[in-house]
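Beneath this line is the structure, given in structure tokens, with notes to follow.
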Amino acid sequence: MGQNSSTPKPLVVIVGGGYGGLSLAKKLETQANVLLIDKKNYFFHNIAALRAAVNATFVPKIMIPYEFALQSGRFLQGTVTKITKDEVIVEGYSKGITFDYLVIATGTSYSFPSKNYSKNMKDVGSAYSQIQAKIKEAKSITLVGAGPVGIELAGEIGFAYREKQITVVSASDNIIPGPFSNELRDSVKQRIKETFPKVNLILGERVIVTDEMKETLQQTLYLVGNRTIETNKSNKIETDLVIFCTGSKMNSSAYEEDFKNSVNQDNHRLKCKSTLQVEGYENVFAIGDCADAGPTKAYEAQLQADVVANNIIQIDAKRLDKIKHWEISRYAGIVIPLGPEQGAGQLPLKSGKVVGAKVTSMIKGGDLFCSRNWKMFANRNPSNEVTESNYGIIKEEDLFQFIQSSKKQQVNQSNVEEEQKKDE
Ligand SMILES: Cc1cc2nc3c(=O)[nH]c(=O)nc-3n(C[C@H](O)[C@H](O)[C@H](O)COP(=O)(O)OP(=O)(O)OC[C@H]3O[C@@H](n4cnc5c(N)ncnc54)[C@H](O)[C@@H]3O)c2cc1C
């Protein structure tokens, strides 16, 4: 895996190959020496993951092997346990990975089936086959949480199985909390009522999670089997399957300690300048959910990747007048499909225009960006089968040889050594 040691390109290490990290790796791979690191060896397209819970044809579409995406960029499959200002520590390697520029793109975790944590694609396939079977068997399903995920999942299950009783319970008083209009919420509720009469919304009530439920959840991703769950307002719901859709968790453990002065302690995101450099660091950037720079959205993460790709190249070339600045969008937008044909959305415009089923289906609901993402990341149509490979497993000596030969600083160092040899 040698690199030309005379290359003037900098080594950019990107931690996290989600929407932000993979977009950046692809943008930079011809202009820099890129090392992308992720726990898994595939990009997980979680925007379409809820449909994969009811529709087996979507399972291969939600995983894009990094092998298909990167050309000259390198990929290392590994869990990053610690990120410092100088190095990235990856489980199983005896020393840290150094860099010229570091981009932190570790994103967020969400409970299954919204996101998943399997290191290989076959296991993801099995996990989705299992939940598909459990949803099919269950007569009555409870979804805890009425944010975009709980509501979308109700629509996906409702579309696939019109006869099933689906109860969505949420402690919040309305669906889809956040900076969105009540016109959007009312439109979504009206559509649920008309299209999926067996979906029941219980709002303003918190599900009591018993010790038994907590214990079971430590072993399984959702609760299977007939049980009665209770809310804090003594509402009793008989159910065969409980799926939690209660929000995301920042993947901050690797950077939290060494970057503590740059972490927003309220949300565990990294505070950034408008250049997306992490506050206090010139050569460390953050993008996506872990950057405290606007809404946690894939769309935002990809736009931030453009800004950082430009800024690394311009900073490295000392063309500081060409630096781009990230601006948080002024208007909130969201698209909520209720299955492939129904749904509503609020456009990110001053008017906050609310759109209905046709536009929702066209923009997102129909294919959930699978074709677009496969085209953009892998330049091909979505796959029909789950593949597997050892791509990204790198031996220690090969990895550090790559780091050594790719770092710009190292180029200077070898030049110095060569000069010294000449002198001798
Ligand atoms: C069901 C669902 C639907 C959504 N729909 C939309 C939508 O329609 N539009 C939209 O804009 N947004 C949507 N979102 C939000 C969107 O998914 C997130 O904003 C997006 O995933 C953020 O991208 P990211 O690159 O920051 O991080 P992520 O996509 O979370 O990727 C982070 C990557 O980092 C890796 N990683 C983390 N920690 C480590 C570590 N220590 N070592 C190695 N690797 C690590 C992970 O394996 C992962 O691959 C949705 C979210 C969910 C859950």
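The values are calculated or read from the model by the stated rules, or taken from the named source; none is laboratory data. This is a predicted model, so every value here is computed, not measured. We place every Cβ from the backbone using ideal geometry, glycine too, and count neighbours over all the protein chains shown.
Some points to look at:
- Taken together, the criteria place GLN219 among residues that are free of Cβ contacts under 8 Å to residues at least 40 places away in the same chain and in the same structural domain as ASP186 (by TED's automatic domain parsing).
- Helices (runs of 4 or more DSSP H) fully within the stretch 1-99 that include at least 2 residues being within 14 Å of the chain's Cα centre (by Cα): 19-28, 49-52.
- Test: THR246 is within 30 Å of LYS164 (Cβ to Cβ), among the β-branched types (Val, Ile, Thr) and outside any strand (DSSP E or B): yes
- Once the stretch 287-304 is narrowed to residues that are under 18 Å from ASN373 (Cα atoms) and buried (at least 24 other Cβ atoms within 10 Å of the Cβ), the residue that is nearest to the ligand (Cβ to nearest atom) is GLY288.
- Scanning the stretch 66-90 for residues that are crowded, with 21+ Cβ neighbours inside 10 Å and either among the polar types (S, T, N, Q) or away from the ligand (no atom under 13 Å from the Cβ) (or both) returns LEU70, GLY73, ARG74, GLN77.
- Just one of the numbered conditions (1) within 15 Å of GLU152 (Cα to Cα); (2) away from the ligand (no atom under 16 Å from the Cβ); (3) surrounded by fewer than 16 Cβ atoms within 10 Å (Cβ to Cβ) is not true of SER234: (1).
- Residues of the stretch 364-380 satisfying the condition of being buried (at least 16 other Cβ atoms within 10 Å of the Cβ) and within 25 Å of ALA160 (Cα to Cα): LYS364, GLY365, ASP367, LEU368, PHE369, CYS370, ASN373, TRP374
- In this structure, ILE14 does satisfy being closer than 18 Å to PHE99 by Cα, within 13 Å of the ligand (Cβ to nearest atom) and at pLDDT 95 or above.
- Residue in the stretch 104-126 that is assigned to a strand (DSSP E or B), more than 30 Å from LEU203 (Cβ to Cβ) and within 14 Å of the ligand (Cβ to nearest atom) present: yes
- Boolean, ASP266 is at pLDDT 95 or above, within 14 Å of the ligand (Cβ to nearest atom) and outside any helix (DSSP H, G or I): no
- Output for the stretch 318-334, where each listed residue is among the hydrophobic types (A, V, I, L, M, F, W, C), outside any helix (DSSP H, G or I) and modelled with pLDDT of 95 or more: ILE323, TRP326, ILE334
- Residue count for the stretch 335-366 under the criterion of being part of a loop (DSSP other than H, G, I, E, B) and of a type in the set (Lys, Arg): the result is 2.
- Qualifying residue in the stretch 105-123 (condition: in the same structural domain as ILE313 (by TED's automatic domain parsing), among the aliphatic types (A, V, I, L, M) and buried (at least 22 other Cβ atoms within 10 Å of the Cβ)): yes
- Of all residues in the stretch 210-239, those satisfying the criterion of being of a type in the set (Asp, Glu) and assigned to a helix (DSSP H, G or I) are ASP211, GLU212, GLU215.
- Scanning the stretch 318-357 for residues that are more than 19 Å from ILE176 (Cβ to Cβ), surrounded by 12 or more Cβ atoms within 10 Å (Cβ to Cβ) and of a type in the set (A, V, I, L, M) gives a single hit, ILE323.
- Looking across the stretch 237-263, the residues that are closer than 30 Å to THR84 by Cα and more than 16 Å from the ligand (Cβ to nearest atom) come down to LYS260, ASN261, SER262.
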